[in-house]
């Protein structure tokens, strides 16, 4: 299958760029980010706050089996409907994760659109930390799986 | 697993990245590599050593000289490193598309 999502990590920089084309009208793609109900659905998170406006902000929290496993927040700097969102993003308990995000929404046809997210980190090292995250998360999952197997053996 | 982390640390240093670019073109001796920098031979040797330990460079003995060249195995690990990150976003966006599509249909009803 063709890889729809592309990640560009420019050598020696402190930014990374994620691009993806969607079979969705640009208005709907934008709504996925602008309306709390939609954010909650596709991110599988609880939206504690989403002030989607210039100088707004947001707070997400995800729980698993009663425990909070993910908490993120940020400041929304600027919104241009169906075109752009500029915001910060921070994962709580992970100060290295604070970065600036430029989300550009682009209409391709009436039914397709493109999203480009440019993420700018404090330094190249901070960017590297972020790239490692899903890797660490994968390890974590493997570890949990192992624990489960061990538990069942008892 | 430790190896992977080291690979990433190895390429986070600009001097080491330049060394990778240099030997990517052709195999080089340590002194030929060092000529490209203002640093001491010793400093460059240290960088070469780290890159070799991380499997990014490999040595080849030609007569009396040791040549360094890129190790494809290590370079592949860097590509693999980005992959889980890409996969995470791919999954996320697939969900976004599915969720919004179902909402679009609800909307039209």
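Coordinate-derived values only; no laboratory data. Remember, predicted model here, so these are calculated numbers, not experimental data. So basically every Cβ, Gly included, is an ideal-geometry build from the backbone, and we count neighbours across all protein chains shown.
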In whole percents, the bins of 10 Å from zero upward hold the Cα-Cα pairs of segment B:7-108 as 14, 36, 18, 11, 10, 8, 4, 0
Stokes-Einstein D for segment A:88-134 (25 °C, 0.890 mPa s, Kirkwood Rh from Cα pairs), in µm²/s, comes to 202 µm²/s
If N is the residue count of segment A:44-120, its Cα Rg over 2.2 N^0.38 Å rounds to 1.23
Given all pairs of distinct Cα atoms, segment A:7-151 yields a Kirkwood Rh in Å of 16.7 Å
With the 8 Å Cα cutoff and a minimum separation of six or more residues, segment A:1-111 has a relative contact order in percent of 17 percent
Note: A:19-27 gets an average of partner chain Cβ contacts (10 Å, Cβ to Cβ) equal to 3
